[in-house]
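> To start, I am sharing the structure in question, which I have written as structure tokens.
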Amino acid sequence: MSLKNIVDTIRDKIGDAFYVGPKGIIGVDIGLSAVKFAEVAKQSDGSYKLLNYSAVNLPEGTIIEDEIQKEDEILKALQAGFKGLNSSNRFVCIGLSGPNTLIKRLQLAGGSEEEIQDQVFWEAEQYLPFPIDEGNISFSVIGENQGGGVDVIIGAAKKTIVESFKEIVERSGVKVKIVDLSAAATINVFENVMGEEVQTKGKTWILMDLGAQKTHFMIYKNGVLVFFKEISIGGLTITEEIQRQMGVNYVEAESLKIHGDGSGNIPEEIVEIINQVFDTFFAELKKTIDFWVSSTSEEAFDGCILTGGGAQVPGFTEALQELLETEVQVLNPFSALSYNKNNITEEMINEIAFKGVCAIGLAMRSMPK
Ligand SMILES: Nc1ncnc2c1ncn2[C@@H]1O[C@H](COP(=O)(O)OP(=O)(O)OP(=O)(O)O)[C@@H](O)[C@H]1O
Ligand SMILES: [Mg+2]
């Protein structure tokens, strides 16, 4: 046996002892349909391994947009989720999204660092859904623009929302070390999975997270996020339409959408409702893409990558491919991420692949020094 093989064999045997750096952080993604928890470790070769994962479904109406409606339900889900995760780690990274957050590209005149910062605050003020001094704002320069200035992408969240989520998560006995934007976490996983391919100059990708209450539509170009829009349509839109048209409750409507008539067939009426929601959603998408094309005069995309539970709606990928005229694929985090087979079963893999990406991306953040 060569030396390399011996090293590889030892590494396989004692796996966890080879993790480098500080012990990671637990990613907690509070979505409308469920709270998801992930713990990953960075390995010596730079790749990530999913150590633990859990998810707890939330009853209807627990959160609406970014407002917590039923504190007790969230707290119960957090406690159950941390228990299910079975980790001794108590440090957490949470993700925020919704109407009290903002991700936006700004075209600025440029100048010194200080001048750019002034311009960011000046410009951001018009787009922020709250007064500027009530928010946490960060930005990064993503490139030069044609006018000789710079383009920046800003991320912002209202302080009261940051505090309310932090407070409720900490009531379950953990410490929130990082508050991030959910979209940034999705991008973490996207970059990790796609590797060099998306970093290449001149390549443009669409990345979409189809959740329950909303869809995050992102354009990623030359290795950075250049456009972001939160569209208020997701899996819940279909569920609510089924409830309304078929006179059933939330749980029944979810089941009809996901499991159909019980023998794996989706009834014709449900397919019809799904198609109606697709029409509204695609009209909204088209408007968004037309806006991007008209403001940048760029038309071609190199691909579209999907994640989120909503992407599992039958026929969605195909219909989207027709609309976009570009290849549409589902993001598979496990093409770049190994996992602990003792804690994560084969049955969990498909579910995590669609719904767990944001939690995994949050867990990939490194702990602040
Ligand atoms: N097999 C399936 N077929 C169709 N829809 C599905 C399937 N599985 C899950 N969904 C839908 O996916 C959605 C949940 O996805 P996800 O977990 O990504 O959302 P979320 O993070 O809870 O919501 P949000 O990010 O909008 O707050 C629900 O609307 C659910 O009905
Ligand atoms: Mg989500």
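> Hey, any hits in region 350-362 for a residue that's of a type in the set (A, V, I, L, M, F, W, C) and outside any helix (DSSP H, G or I)? Steps first, please.
If we filter region 350-362 for residues that are of a type in the set (A, V, I, L, M, F, W, C), which is where we start, we get 352-354, 357-360, 362.
Still in the list and also outside any helix (DSSP H, G or I): none.
No, because not a single residue in region 350-362 is of a type in the set (A, V, I, L, M, F, W, C) and outside any helix (DSSP H, G or I).
> Something else about it: Can you name every residue in region 161-187 that is of a type in the set (Val, Ile, Thr), under 16 Å from Lys70 (Cα atoms) and surrounded by fewer than 19 Cβ atoms within 10 Å (Cβ to Cβ)?
Ile168, the sole residue that qualifies.
> Same structure, new question: Tally the residues that are more than 24 Å from the chain's Cα centre (by Cα), of a type in the set (Asp, Glu) and in a helix (DSSP H, G or I), restricting the search to region 272-308.
Selection size over region 272-308: 1.
> Between residues in region 255-276 that are in contact (Cβ under 8 Å) with a residue 40 or more places away in the chain and residues that are of a type in the set (Ser, Thr, Tyr) and within 16 Å of ligand 2 (Cβ to nearest atom), which pairs lie under 9 Å by C-beta distance while being six or more apart or on different chains?
Qualifying pairs under 9 Å: Lys257/Thr239.
> Residue under question is Phe316, and the condition is that it be more than 14 Å from ligand 1 (Cβ to nearest atom) and either outside the structural domain of Gln43 (by TED's automatic domain parsing) or among the hydroxyl-bearing types (Ser, Thr, Tyr) (or both); does it hold?
Numbers: more than 14 Å from ligand 1 (Cβ to nearest atom): no; either outside the structural domain of Gln43 (by TED's automatic domain parsing) or among the hydroxyl-bearing types (Ser, Thr, Tyr) (or both): yes.
The answer is no for Phe316.
> Still on this structure: Out of (1) under 21 Å from Glu351 (Cβ atoms); (2) touching a residue at least 24 places away in the same chain (Cβ under 8 Å); (3) away from ligand 2 (no atom under 16 Å from the Cβ), the odd one out for Arg90 is which?
With (1) under 21 Å from Glu351 (Cβ atoms); (2) touching a residue at least 24 places away in the same chain (Cβ under 8 Å); (3) away from ligand 2 (no atom under 16 Å from the Cβ) applied to Arg90, the lone miss is (1).
> Listed residues Gly95, Gly24, Gly81; which is surrounded by 16 or more Cβ atoms within 10 Å (Cβ to Cβ), more than 23 Å from Gly211 (Cβ to Cβ) and not hydroxyl-bearing (Ser, Thr, Tyr)?
On the way: Gly95 fails: more than 23 Å from Gly211 (Cβ to Cβ); Gly81 fails: more than 23 Å from Gly211 (Cβ to Cβ).
Among Gly95, Gly24, Gly81, only Gly24 is surrounded by 16 or more Cβ atoms within 10 Å (Cβ to Cβ), more than 23 Å from Gly211 (Cβ to Cβ) and not hydroxyl-bearing (Ser, Thr, Tyr).
> Further question on the same structure: Among the residues of region 264-273, is any modelled with pLDDT of 95 or more, within 16 Å of ligand 1 (Cβ to nearest atom) and within 27 Å of Leu181 (Cα to Cα)?
No, there is no match, as no residue in region 264-273 is modelled with pLDDT of 95 or more, within 16 Å of ligand 1 (Cβ to nearest atom) and within 27 Å of Leu181 (Cα to Cα).
> In region 205-236, what residues are crowded, with 20+ Cβ neighbours inside 10 Å, in contact with an Asp or Glu (Cβ under 6 Å, 6 or more places away or on another chain) and part of a strand (DSSP E or B)?
Answer for region 205-236, where residues must be crowded, with 20+ Cβ neighbours inside 10 Å, in contact with an Asp or Glu (Cβ under 6 Å, 6 or more places away or on another chain) and part of a strand (DSSP E or B): just His216.
> Residues Asp290, Asp279, Asp261: which one is exposed (fewer than 12 other Cβ atoms within 10 Å of the Cβ), more than 23 Å from Leu58 (Cβ to Cβ), at pLDDT 95 or above and not aliphatic (A, V, I, L, M)?
Details: Asp290 fails: at pLDDT 95 or above; Asp261 fails: at pLDDT 95 or above.
Only one candidate passes the filter, namely Asp279.
> With the condition kept exactly as written, say whether any residue in region 116-136 is assigned to a loop (DSSP other than H, G, I, E, B), within 16 Å of ligand 1 (Cβ to nearest atom) and either within 30 Å of Tyr339 (Cβ to Cβ) or over 22 Å from the mean Cα position of the chain (by Cα) (or both).
Of the residues in region 116-136, the ones assigned to a loop (DSSP other than H, G, I, E, B) are 128-131.
With the extra rule that they be within 16 Å of ligand 1 (Cβ to nearest atom), the set shrinks to none.
No, region 116-136 contains no residue that is assigned to a loop (DSSP other than H, G, I, E, B), within 16 Å of ligand 1 (Cβ to nearest atom) and either within 30 Å of Tyr339 (Cβ to Cβ) or over 22 Å from the mean Cα position of the chain (by Cα) (or both).
> Among the numbered conditions (1) in the same structural domain as Ala353 (by TED's automatic domain parsing); (2) in a helix (DSSP H, G or I), tell me where Ser54 comes up short.
Single failed check for Ser54: (2).
The values are calculated or read from the model by the stated rules, or taken from the named source; none is laboratory data. In this text the structure is predicted, and so the values were computed from the model without any measurement. Every residue, glycine among them, receives a Cβ derived from its backbone with ideal geometry; neighbour counts consider all protein chains shown.
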